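The values are calculated or read from the model by the stated rules, or taken from the named source; none is laboratory data. This is a predicted model, so every value here is computed, not measured. Note: ideal-geometry Cβ built from the backbone for every residue, glycine included; neighbour counts use all protein chains shown.
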Amino acid sequence: MSYFFPEGAKFQFSTTFAAAKTVTAASNANPTVLSSVAHGFVDGEEFLFLSGWEDASNTVFQADQLTADTLSALGLDTTNTQFYSAGTGTGTIQKISNWTDIPQVLSIGNSGGDPRYTDVQPLSARNGIKIPTGFNASTITLSLGHDPQNATYKAMLNIARTQQKVALRIVGGGATVYGYGYMSVSEVPQMQSGQVNQVQCAISFLGRVISY
């Protein structure tokens, strides 16, 4: 058993996605094996997977290069054909590069990502039951020191206003965490006596959040 702490963690984003490589087959395995002719990936490289499997799509994975034409998506267990129907996981993969540090992160919060339930009340039972039906949409919110002249902050404002999708990477705290979704950045600083001026940066995820 290990315990980890957030001190020293870096929060990074990228909008640099290489040209899409076609995935012609995706196996039901742990981890799944993706077939993509001359994919060009090496071990540990990060990629965005857009797939016919909705439970795996819009998600960032690390690659395990197997052959010139196959690779594994580490951490993606698709052995359950109820969620990952055989033969329907085809799609595209895109290499991610040019990670940029999010500046002046002061704190991190999150919302959503918690289990979602459906309440069932059988007529013959006095006690109702809760059946898990998935997870609520999740968002990470970062409080940043407000520096309106910071070039990265300006770039992030443009990303938010044009609704570009970004990959997020958190490095440190005992893990590397990946997500993919929309970035929203406030232009209105929060001001309070005795504290630095702050703005909020939120990333709302479209797919799963994967940790390594």
Evaluate segment 135-152: report whether one residue or more is under 12 Å from the mean Cα position of the chain (by Cα) and exposed (fewer than 15 other Cβ atoms within 10 Å of the Cβ).
yes
List every residue pair whose Cβ atoms sit under 7 Å apart, with the two residues 6 or more apart in sequence or on different chains, where the first one lies in segment 200-212 and is outside the structural domain of residue 60 (by TED's automatic domain parsing) and the second, anywhere, is among the charged types (D, E, K, R) and at pLDDT 95 or above.
none
Restricting segment 19-42 to residues that are surrounded by fewer than 23 Cβ atoms within 10 Å (Cβ to Cβ) and under 19 Å from the mean Cα position of the chain (by Cα), the residue that is farthest from residue 80 (Cα to Cα):
20
Return the residues of segment 75-130 that are among the aliphatic types (A, V, I, L, M), assigned to a strand (DSSP E or B) and closer than 19 Å to residue 143 by Cα; say none if nothing qualifies.
105, 106, 108
Looking at (1) assigned by TED's automatic domain parsing to the domain that holds residue 189; (2) surrounded by 14 or more Cβ atoms within 10 Å (Cβ to Cβ); (3) among the polar types (S, T, N, Q); (4) in contact with a Lys or Arg (Cβ under 9 Å, 6 or more places away or on another chain), which one does residue 104 not meet, given that it meets all the others?
(4)
